[in-house]
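K.L.:
Sharing a structure, written as structure tokens. Questions coming.
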Number of protein chains: 2
Amino acid sequence: MSKVEPRILKGFRDYLPSKMIPRQKMIAAIEQTFQRFGFLPLMTPALEYLEVLTGKYGQEGDQLLYRFQDHGGRDVGLRYDLTVPLARVVAQYPQEVLLPFRRYQIAPVWRAENPARGRFREFVQCDADVVGSADMAADAELVQLGCELLEGLGVQSFRVRINNRKVLSGILFSIGQPSREEEVGILRTIDKLPKVGKDEALRLLETENGLSPDRAARLLELVASNGPPREILRGLDAAFKDDPVGKKGVAELLEVVEILEGAGIADRVELDLSIARGLAYYTGTIYETFLLDLPGYGSVMSGGRYDELVGVFRGQPVPAVGISLGIDRLLEGLVELGVLKTQGAVAPVLVTLFAKETAAYSARVARLLRAAGIGCELYPAAAKIGKQLARASENGQRWVVVAGPDEAARGEVAVKDLETRTQETMRLDALAAHLGARMAGS
Amino acid sequence: MSKVEPRILKGFRDYLPSKMIPRQKMIAAIEQTFQRFGFLPLMTPALEYLEVLTGKYGQEGDQLLYRFQDHGGRDVGLRYDLTVPLARVVAQYPQEVLLPFRRYQIAPVWRAENPARGRFREFVQCDADVVGSADMAADAELVQLGCELLEGLGVQSFRVRINNRKVLSGILFSIGQPSREEEVGILRTIDKLPKVGKDEALRLLETENGLSPDRAARLLELVASNGPPREILRGLDAAFKDDPVGKKGVAELLEVVEILEGAGIADRVELDLSIARGLAYYTGTIYETFLLDLPGYGSVMSGGRYDELVGVFRGQPVPAVGISLGIDRLLEGLVELGVLKTQGAVAPVLVTLFAKETAAYSARVARLLRAAGIGCELYPAAAKIGKQLARASENGQRWVVVAGPDEAARGEVAVKDLETRTQETMRLDALAAHLGARMAGS
């Protein structure tokens, strides 16, 4: 085999242990919250029939799909999100997947984006959805789940900004009904509002979306409404006159707000009529979540109601609502905030390996500690003790168990505490109890 | 959007909750063992430059690679195993990945195989490797890790069958030196021996690998050696005369056996000279693991030493040894053995939802239980109580908390125990303590 340059595709990432360790703690905490809420795990393939994926994400999404022909000449694509595969599953297994169905899935998705800061071609999505319920109780439950996901990760300072696509439709209708296609374009511009600012948004609405300056200004004024939720909603309801779609959106939003108040988490949530969400398939409630201590960082958790997507596979409408957590984006944010720390080791104890002759003794020492539930790393090569101690120290391992030829001959071990820089020698059968007590006390 | 048939590619699988719940328990137990051994987590991308992947798995492997051109016209391929990406990572980040390096990775891989019973195009691999140590202590540590992985999953009855590629080379040399290419073909036939039986193996060795009947018979006789490990190894050492490769293999195997004896797990392991492993890159120790209660089921955990692979990326030889657990194959086996059970719910409690008017009260009840650490599912749609009770019963949820309009008005809940078919009404603030006590007692 001739030498190959070790390199990775642009927009893709290797997660080395120092980052994977906190990332896995994060995922474990997330799974715990999902389980506390009784959401069920689901796994779908990375590859799908291309026709399962196309036409669901809008034209831009279709272009970003990784697609190819497989060995059998079938057109296939890499998973672009977790929502479309969920919709397929619900339609494909009507006997096994009973509605309403609550599931979560944590898995990578692939999009051929132009890589940029915080934008990758492979990233892990973490989704929870309720399929088969049109009740706002489900929308509110997902917002509550989202709040507890973040709280479970030690994040206390965040806000869920909530809106409703029907309300946005009502607003658009009230400034003069645009076509469905125009509507998608306008929503995409509104979605960019926090990033690009009001002036640029105005310009885009006029040049890209063809709105007159008056209509563009009126639109921005409406989506920037401020104040207590009930007041805003009352104002909108009046503005919508007899538009049934807009009025239904107002009623839905009000219901979600009332349930969240009843559950006691209304202070986590605020109404924000400029939240639009890029994806084409949302039909009702939509939300995004921001870390208050990282202004300008962008949404770490978002989602909404999509009552038409599942029907594409099922042939009859099935209401659904979901939430999606951007694990890697959140990880970066939490490391930046100091909530999570990078880490060099998972086991607190290192067992040394001196030479071939004592390899069996070292293996016995390690086995004994593990049997006592103490995580320990056996240094996997005979090396100078200095090198082994230096590695333990770099990795933040406090305890090193020295098992050299002298110790092996006497059935003993020497335990070094790198923090207090002390050492104690003891019989092997006293080791686990000794370390267990020291670790409990530290 | 027009209707799309919900279907999945052949050789790919959806894991519905009933199977995902035990599967995740399995993965959690596996991660716990990895951590007890101090192996570090690593994650690499699903897509790699094609040249990173090709030429490492033999000609057959290259043909099974999923490959295509990405949007930038780059030749890319889907991950075929976790070992080649590990080798790339070790070579790519010499400052961050210090040797010896111990890592684990649990991730899907893709191979365009002909789907068959137990053979899929997407499956999860679970690998642990030590890179940068040529010491047999590392080989023995991985065997020990493998044993504890299985024990941690509740499997008690299994055997690790161990061999060494250098010993196989010695055996081939002793029957008349074949070329490197012939060697690969012969090893592939030997690898099939347990599946096809001795007569068919003889036939294949003669017809496919071009061995004379005498040499084929002598070969099978050697690889079928039986008896205590030290005795077999002594016999081989004599048969290898002055072949240095074969003799080195014997010395390595003996060392691994001695360390495993010292660690006290020799009874888990047996020498089996017919273990060959299909992949081209192994150079020393090789092993496969079989469930004794499922004869003929095939290996659930295997691996070995590959001292040349990392050098392909690094430009200088880096010894390495690894073990790989077939999660899905093992899951099927454990379900078949009754060690793992499929399951319908993760939360033991269902909170009912009666109507729009009581949605806020139900949400409050659920939040209160979760805050007390009690997993509970809020039924996500207003439905008849009978339907909600039936779902709880089907899913094996024992407790249903009824929060209807009467209860809400009085600040109470009714708790149904589906097992004893009893019901108690209580104030909401007494609920968590009541359920906590009942669950602790059950």
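K.L.:
Going through the range B:120-160 one residue at a time, which ones are over 24 Å from residue A:357 (Cβ atoms) and free of Cβ contacts under 8 Å to residues at least 24 places away in the same chain?
P.N.:
B:151, B:156
K.L.:
Quick check, is residue A:155 in contact with a helix residue (DSSP H, G or I) (Cβ under 8 Å, 6 or more places away or on another chain), surrounded by fewer than 23 Cβ atoms within 10 Å (Cβ to Cβ) and more than 9 Å from chain B (Cβ to nearest Cβ)?
P.N.:
Here the answer is yes, as residue A:155 does meet what is asked.
K.L.:
Next up: Can you find a residue that is of a type in the set (D, E, K, R) and closer than 22 Å to residue B:134 by Cβ anywhere in the range B:231-241?
P.N.:
yes
K.L.:
Within the range A:392-402, count every residue that is surrounded by 12 or more Cβ atoms within 10 Å (Cβ to Cβ) and within 11 Å of chain B (Cβ to nearest Cβ).
P.N.:
3
K.L.:
Right, next: Out of all the residues in the range A:214-235, is one or more hydroxyl-bearing (Ser, Thr, Tyr) and closer than 21 Å to residue A:179 by Cβ? Before the answer, list the steps.
P.N.:
The first filter runs over the range A:214-235 and keeps only residues hydroxyl-bearing (Ser, Thr, Tyr), leaving A:225.
Going one step further and asking which of them are closer than 21 Å to residue A:179 by Cβ, we end up with none.
Scanning the range A:214-235, I find no residue that is hydroxyl-bearing (Ser, Thr, Tyr) and closer than 21 Å to residue A:179 by Cβ, so the answer is no.
K.L.:
So for the range B:1-23 (the condition being within 25 Å of residue B:138 (Cβ to Cβ) and not in a helix (DSSP H, G or I)), does at least one residue qualify?
P.N.:
Residues of the range B:1-23 that are within 25 Å of residue B:138 (Cβ to Cβ), as a first pass: none.
No, the range B:1-23 has no match at all.
K.L.:
Within the range A:103-134, which residues are of a type in the set (Asp, Glu) and closer than 27 Å to residue B:343 by Cα?
P.N.:
A:127, A:129
K.L.:
Can you name the condition, by its number, that residue B:396 falls short on among (1) assigned by TED's automatic domain parsing to the domain that holds residue B:283; (2) at positive phi?
P.N.:
All conditions pass for residue B:396, except number (1).
K.L.:
Can you pull out the residues in the range B:248-270 that are aliphatic (A, V, I, L, M), assigned to a helix (DSSP H, G or I) and away from chain A (no Cβ under 11 Å)?
P.N.:
Listed by number, the residues that qualify are B:250, B:253, B:254.
K.L.:
A further question follows. How many residues are touching a strand residue (DSSP E or B) at 6+ places or on another chain (Cβ under 7 Å) and either more than 7 Å from every other protein chain (Cβ to nearest Cβ) or among the small types (Gly, Ala, Ser) (or both) if we restrict to the range A:364-380?
P.N.:
6
K.L.:
Right, next: Has the range B:120-133 got at least one residue that is within 8 Å of another protein chain (Cβ to nearest Cβ), crowded, with 23+ Cβ neighbours inside 10 Å and among the small types (Gly, Ala, Ser)?
P.N.:
yes
K.L.:
Across the range B:307-325, which residue is surrounded by the fewest Cβ atoms within 10 Å (Cβ to Cβ) among those that are more than 9 Å from chain A (Cβ to nearest Cβ) and part of a strand (DSSP E or B)?
P.N.:
Ranking the candidates gives B:324 first.
K.L.:
Continuing with the same structure: Can you tell me which of B:8, B:27 is at negative phi, facing another protein chain (nearest Cβ under 8 Å) and not charged (D, E, K, R)? Spell out how you get there, then give the answer.
P.N.:
Details: B:27 fails: facing another protein chain (nearest Cβ under 8 Å).
Exactly one of B:8, B:27 is at negative phi, facing another protein chain (nearest Cβ under 8 Å) and not charged (D, E, K, R), namely B:8.
K.L.:
Identify, please: which residue in the range A:21-31 is in contact with a strand residue (DSSP E or B) (Cβ under 8 Å, 6 or more places away or on another chain) and touching a residue at least 40 places away in the same chain (Cβ under 8 Å) and is, among those, surrounded by the most Cβ atoms within 10 Å (Cβ to Cβ)?
P.N.:
Ranking the candidates gives A:23 first.
K.L.:
Restricting the range A:32-89 to residues that are in a helix (DSSP H, G or I), crowded, with 20+ Cβ neighbours inside 10 Å and of a type in the set (Gly, Ala, Ser), which is nearest to the other protein chains (Cβ to nearest Cβ)?
P.N.:
My answer is A:87.
K.L.:
For residue B:200, are the conditions met, namely being farther than 30 Å from residue B:41 by Cβ and either modelled with pLDDT under 95 or over 23 Å from the mean Cα position of the chain (by Cα) (or both)?
P.N.:
Numbers: farther than 30 Å from residue B:41 by Cβ: yes; either modelled with pLDDT under 95 or over 23 Å from the mean Cα position of the chain (by Cα) (or both): yes.
The answer is yes for residue B:200.
K.L.:
Next question, about the same structure. Residue check: is residue A:46 farther than 25 Å from residue A:113 by Cβ and assigned by TED's automatic domain parsing to the domain that holds residue A:309?
P.N.:
So residue A:46 fails the test.
K.L.:
Could you say whether any residue in the range B:168-179 is surrounded by 17 or more Cβ atoms within 10 Å (Cβ to Cβ), within 24 Å of residue B:301 (Cβ to Cβ) and not polar (S, T, N, Q)?
P.N.:
The answer is yes; a qualifying residue exists.
K.L.:
Name the one entry in B:242, B:272, B:237, B:267 that is modelled with pLDDT of 90 or more and more than 27 Å from the chain's Cα centre (by Cα).
P.N.:
The unique qualifying residue is B:237.
K.L.:
Just to check your reading of the model, which residue among B:178, B:194 is more than 30 Å from residue A:370 (Cα to Cα) and outside any helix (DSSP H, G or I)?
P.N.:
Just one listed residue meets the conditions, B:178.
K.L.:
Within the range B:191-199, is there a residue that is touching a strand residue (DSSP E or B) at 6+ places or on another chain (Cβ under 8 Å) and either on the phi < 0 side of the Ramachandran plot or in contact (Cβ under 8 Å) with a residue 60 or more places away in the chain (or both)? Working first, answer last.
P.N.:
Quick first cut of the range B:191-199, residues touching a strand residue (DSSP E or B) at 6+ places or on another chain (Cβ under 8 Å) only: none.
No, there is no match, as no residue in the range B:191-199 is touching a strand residue (DSSP E or B) at 6+ places or on another chain (Cβ under 8 Å) and either on the phi < 0 side of the Ramachandran plot or in contact (Cβ under 8 Å) with a residue 60 or more places away in the chain (or both).
K.L.:
Does residue A:275 satisfy being in contact with a Ser or Thr (Cβ under 8 Å, 6 or more places away or on another chain), of a type in the set (Val, Ile, Thr) and buried (at least 24 other Cβ atoms within 10 Å of the Cβ)?
P.N.:
Considered against the rule, which asks whether it is in contact with a Ser or Thr (Cβ under 8 Å, 6 or more places away or on another chain), of a type in the set (Val, Ile, Thr) and buried (at least 24 other Cβ atoms within 10 Å of the Cβ), residue A:275 comes out as no.
K.L.:
For the range A:244-259, how many residues are touching a residue at least 40 places away in the same chain (Cβ under 8 Å) and either surrounded by fewer than 19 Cβ atoms within 10 Å (Cβ to Cβ) or over 27 Å from residue A:317 (Cα atoms) (or both)?
P.N.:
3
The values are calculated or read from the model by the stated rules, or taken from the named source; none is laboratory data. In this text the structure is predicted, and so the values were computed from the model without any measurement. Positions of Cβ are backbone-derived with ideal geometry, glycine not excepted, and every protein chain shown enters the neighbour counts.
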